[in-house]
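See below for the structure under consideration.
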Amino acid sequence: MAEDYSPLEREIRRLIAVAGPMPVAEYMRLCLSHPQYGYYITHEAIGAGGDFVTAPEVSQMFGELIGLWIAAAWEAMGAPDNVRLVELGPGRGTMMLDLLRAAKAAKKFYAALVLHLVEISPKLQALQRRRFADLDVPMWWHTTLAEVPDGPILVVANEFIDALPVHQAVKQAGRWHERVVAIGDDGALVIGAAADALPSFEATLPRELRNGPDGSFYEWRSDTVAFDIGRRVRNDGVALIIDYGHARQGLGETLQAVARHSFADPLKAPGEADLTAHVDFATLAISADIIGARSHGPVSQRDFLKALGIDARAAALKTARPEKSAEIDAALARLTGTGPNEMGELFKVLAIADPKIGPLPGLQPVSQAGSQERR
């Protein structure tokens, strides 16, 4: 019944009725960032009481090590005395608070910081203002990276790219068709294929993927964010991107919804669940290189955190608080483990930097990313 639909679902159905089936990317954009009913506008999603838990919420170790890494990146930039520290999608602010606490050990770095937080959610922005009220660093809020003033810049993005809208295509009868959300014969929202094939689409695919069989899926995001990040850091800047995804280009479908710490149907209750898709780190790196920046990595989160000394940090915390030893061990396993519910291999780390900057801790610069079937 129409009266049972949420306001966002009614709007999505209206748009489909007027313009026809909408691309999956447009559906995802509306679900997450509709100005009135989008998930990130209306929900505080992160944490035990929300829909999912991010690495900074697992343990303070994560943010602390990122803080030390950022300080090292600042040194590699030549230690500018006025640097913009930007976080894309700060969430509850947990990582930034842990990062800044660790960064205080580098007094000159801490004194050089001006904090810029890119956040579209009014609820989360209000929470961040409350949690950051006692910080002794200048800070500003923005809704886009473009609003951050020019100058030396350090960008951090943890679980930010995965929530950007993803396009999907499916191969049918030798042609690629964009996947779209439509209204099915039973009145429910369904995902299908656009009637017309995408013109010359196969020529845009990596060469290794062009002979995929019928039924193959391919996902891609707009290059805009990668270009924006690359453009900002290619002259006196560094960006660190941490997210779940694959290091090589490939075929596959990864769109998923999460609500109350469980997987959900992406088409049910639009705007009430978090929609994400795996990040294609190879394409991110290529896009950054095209715009004139230099990519470092990607590597697994496990390798990155271990290179930064997470095992030693865990040991120090257990010595200081032996009653928390089991909790610290569990957090270490969650952050660096390779099991199905652990982040160590699923999450990847990529840095994008000014080409004149040398090696960065835990990462190696790469010239070109490879391709293979997604796993």
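The values are calculated or read from the model by the stated rules, or taken from the named source; none is laboratory data. None of these values were measured; they are calculated from a predicted model. Virtual Cβ from ideal backbone geometry, glycine too; neighbours counted across all protein chains shown.
Of all residues in region 135-155, those that are more than 18 Å from Met77 (Cα to Cα) have Cβ atoms under 6 Å from Cβ atoms of residues that are at pLDDT below 95 and among the hydrophobic types (A, V, I, L, M, F, W, C), 6 or more apart or on another chain, in Thr143/Ile120. Note on region 344-363: residues that are in contact with a His (Cβ under 8 Å, 6 or more places away or on another chain) and assigned to a strand (DSSP E or B) total 5. Of the residues making up region 113-135, those that are surrounded by 18 or more Cβ atoms within 10 Å (Cβ to Cβ), of a type in the set (A, V, I, L, M, F, W, C) and part of a helix (DSSP H, G or I) are Leu124, Leu127. For region 223-254, the candidate set comprises residues that are in contact with a strand residue (DSSP E or B) (Cβ under 6 Å, 6 or more places away or on another chain) and charged (D, E, K, R); within that set, the residue that is farthest from Val166 (Cα to Cα) is Arg232.
All of (1) at pLDDT 95 or above; (2) under 18 Å from the mean Cα position of the chain (by Cα); (3) at positive phi hold for Met95 with one exception: (3). Going through Asp329, Asp243, Asp311 one at a time, which residue ends up being under 19 Å from the mean Cα position of the chain (by Cα) and either part of a strand (DSSP E or B) or not aliphatic (A, V, I, L, M) (or both)? Exactly one of Asp329, Asp243, Asp311 is under 19 Å from the mean Cα position of the chain (by Cα) and either part of a strand (DSSP E or B) or not aliphatic (A, V, I, L, M) (or both), namely Asp243.
In the set (1) free of Cβ contacts under 8 Å to residues at least 12 places away in the same chain; (2) basic (Lys, Arg); (3) buried (at least 16 other Cβ atoms within 10 Å of the Cβ), Lys104 fails one condition alone, (3).
Per-residue answers, yes or no, for (1) surrounded by 17 or more Cβ atoms within 10 Å (Cβ to Cβ); (2) at positive phi:
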{"position": "Leu198", "(1), (2)": "no, no"}
{"position": "Glu202", "(1), (2)": "yes, no"}
{"position": "Tyr218", "(1), (2)": "yes, no"}
{"position": "Asp236", "(1), (2)": "yes, yes"}
{"position": "Ala277", "(1), (2)": "yes, no"}
{"position": "Ala285", "(1), (2)": "yes, no"}
{"position": "Ala293", "(1), (2)": "yes, no"}
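Count of region 15-45 residues, restricted to those that are part of a helix (DSSP H, G or I), at pLDDT below 95 and of a type outside the set (A, V, I, L, M), is 4.
The set of residues from region 251-287 being aliphatic (A, V, I, L, M), out of contact with any helix residue (DSSP H, G or I) (no Cβ under 9 Å at 6 or more places or on another chain) and modelled with pLDDT of 90 or more comprises just one member, Ala282. Considering (1) touching a helix residue (DSSP H, G or I) at 6+ places or on another chain (Cβ under 8 Å); (2) over 30 Å from Asp196 (Cα atoms), the lone condition that Thr143 does not fulfil carries the number (1).
The set of residues in region 172-230 that are of a type in the set (D, E, K, R), more than 19 Å from Ala282 (Cα to Cα) and not in a strand (DSSP E or B) comprises Asp185, Asp186, Asp196, Asp214. Scanning region 246-260 for residues being surrounded by fewer than 18 Cβ atoms within 10 Å (Cβ to Cβ) and either of a type in the set (Val, Ile, Thr) or more than 18 Å from the chain's Cα centre (by Cα) (or both) gives a total of 3. Condition (residue is at pLDDT 95 or above, exposed (fewer than 14 other Cβ atoms within 10 Å of the Cβ) and in a loop (DSSP other than H, G, I, E, B)) applied to region 151-167: is it met by at least one residue? No, region 151-167 contains no residue that is at pLDDT 95 or above, exposed (fewer than 14 other Cβ atoms within 10 Å of the Cβ) and in a loop (DSSP other than H, G, I, E, B). Does Thr54 satisfy the condition of being crowded, with 19+ Cβ neighbours inside 10 Å and in contact with a strand residue (DSSP E or B) (Cβ under 7 Å, 6 or more places away or on another chain)? When the stated conditions are applied, Thr54 passes them.
So that you can scan it fast, the table gives a plain yes or no per residue for (1) out of contact with any strand residue (DSSP E or B) (no Cβ under 8 Å at 6 or more places or on another chain); (2) more than 30 Å from Ala257 (Cβ to Cβ):
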{"residue": "Val118", "(1), (2)": "no, no"}
{"residue": "Pro122", "(1), (2)": "yes, no"}
{"residue": "Asp134", "(1), (2)": "yes, yes"}
{"residue": "Ala157", "(1), (2)": "no, no"}
{"residue": "Asp186", "(1), (2)": "yes, no"}
{"residue": "Leu189", "(1), (2)": "no, no"}
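Here's a check for you: in region 203-259, which residue that is of a type in the set (A, V, I, L, M, F, W, C) and without any contact (Cβ under 8 Å) to a residue 40 or more places away in the chain is farthest from Ile357 (Cα to Cα)? By that ranking, first place goes to Ala257. For the structure I just gave you, tell me whether Asp311 is modelled with pLDDT of 95 or more and in contact with a Phe, Trp or Tyr (Cβ under 8 Å, 6 or more places away or on another chain). Against the criterion (modelled with pLDDT of 95 or more and in contact with a Phe, Trp or Tyr (Cβ under 8 Å, 6 or more places away or on another chain)), Asp311 does not qualify. Of all the numbered requirements in (1) within 19 Å of Ile241 (Cβ to Cβ); (2) in contact with a His (Cβ under 8 Å, 6 or more places away or on another chain), Met139 misses one, and that requirement is (1).
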